[in-house]
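Derivation of every value follows stated rules applied to the coordinates shown; laboratory data play no part. Just so it is clear, the structure is predicted and the values come from calculations on it, not from any experiment. A quick note on method: Cβ atoms are made from the backbone with ideal geometry, for glycine too, and the neighbour counts reach across all protein chains shown.
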Amino acid sequence: MTRYFLSDYLKDTFGTKVYKLSLQSGCTCPNRDGTLGFGGCSFCSEGGSGDFASPLLPVRDQIEAAKKLVDAKFPRRISESDRKYIAYFQSFTNTYGDTEKLCALYEEALSFPEIAALSVATRPDCLSDEVLFRLSEMNRTKPVWIELGLQTSDDKTAERINRCYKTEVFGECWKRLKSAGLEGIVHIILGLPGESEAEMLETAGYLARLDPPPDGIKISNLQILKGTKLGEEYLKKPFNLLSLDEYAELVCKCLDILPETTVIHRITGDPPKKILIAPAWCADKKTVINTLNKKLNRFS
Ligand code: SF4
């Protein structure tokens, strides 16, 4: 099966290497501020799943600061003036706030010539028709991607992790997002508490059956982080987590279920070591990547 990885997709789309800049919009999350819940999804760290984002500064300063973190990755042959980036608003729920202010922020980010695309991470219950319309207008000039944290299609597990929305809400949002002509990237987590292999694979099956299916997928294993509800539970009574081999097997099975057109944006998590409780193998990024590449027969 041909698998389409993000690095190839970016080269095909933009004709060059492109790196993401982790930025902040200053939004919180309705699952944290009491509107839907307190404390957030039980796996989500205090950084709102964006622990590498720059501190909240004017967008120009955030872009400059974030560029310093990724510029060393560009090959020397790509001069500074030819470097391209994606403005990625990652932490918390980046459409949860004043639409005018947020859209002004996104338009400003897109106005920089080196920004090739905008990526906005959010929840499916926080995408109003008005926001979708404004983002679809921006999408006319440069690509706009929406990243949705589904994690699982199983409503029982969703309740267990305090996701605070039903999967049918995701399905309804998906239709509106695709009708607005935007690219949708879906995040899922393998190894959530109490989920069987069949339930994890059903999440991939659910996504494959969407019409149209996801433009992109991000998969990670469950990571237990300090400062999270799951972290507290785990420290009181450790529970079983996926081994690296089990995770790699499951990633292969999920990718076999998803269509070849779904771009693989990420198959590893990259938790900050200082807040990682378990599993320890997540901290060894090189081994994780090698194991996954071997299982996927990538680069062989
Ligand atoms: S919706 Fe996202 S930001 Fe909000 S608590 Fe859940 S994972 Fe964290």
* Structure fact -> DSSP beta bridges in the chain: the antiparallel percent, rounded to 5, is 10
* **Contact order relative to length of segment 210-300, as percent, for alpha carbon pairs under 8 angstrom and 6 or more apart** => 42
* Asked: For K175, which lysines qualify as cross-link partners when the Cα separation must be under 19 Å and same-chain residues fewer than eight apart are set aside?
  -> K166
* To do: Sort by residue number and name the cysteines in the chain that have no neighbouring cysteine Cβ under 4.7 Å.
  => C27, C29, C103, C126, C164, C173, C252, C254, C282
* To do: Note down the relative contact order for segment 47-150 as a percent, whole number, built from C-alpha pairs under 8 angstrom at least six residues apart.
  => 27
* Structure fact -> Those chymotrypsin sites (Phe, Trp or Tyr not before Pro) from segment 197-300 that are DSSP loop and have at most 10 other Cβ neighbours within 10 Å turn out to be F299
* Asked: Roughly what would the spin-label model give for I289 and S179, points 7 Å off Cα along C-beta, in nm?
  -> 4.2
* Structure fact -> Computed about the Cα centre, the charge dipole of the chain from +1 Lys/Arg and -1 Asp/Glu charges at the Cβ has a magnitude in debye, to the nearest 20, of 980
* Structure fact -> Here, D8 and L69, labelled 7 Å along Cα→Cβ, have an inter-label distance in nm of 2.8
* Before rounding to the nearest 500, sum -39500 (n - 2.57) across all DSSP H runs of length at least 4 in the chain and divide by the residue total; then give [θ] at 222 nm in deg cm²/dmol. => -11000 deg cm²/dmol
* Cα centroid distance between segment 81-134 and segment 230-271, in Å? -> 27
* **Positive-end extreme of charge dipole, the chain - chosen from T2, T16, I161 (charges on Cβ)** => T16
* For V263, list long-range residues whose amide hydrogen, built 1.01 Å from N in the peptide plane, is under 5 Å from its own amide hydrogen. => G216, I217
* Asked: Quick one: which of K20/K73; K226/K273; K84/K142 span more than 18 angstrom between C-alpha atoms?
  -> none
* Most mobile listed residue (A117, A104, A72) in the chain, GNM with C-alpha springs under 10 Å -> A72
* Using alpha-carbon pairs under 8 Å, 6+ residues apart, how would you state the relative contact order of the chain in percent? -> 18
* Dipole moment magnitude, nearest 20 debye, segment 172-300 about Cα centre, only Lys, Arg, Asp, Glu C-beta charged -> 560
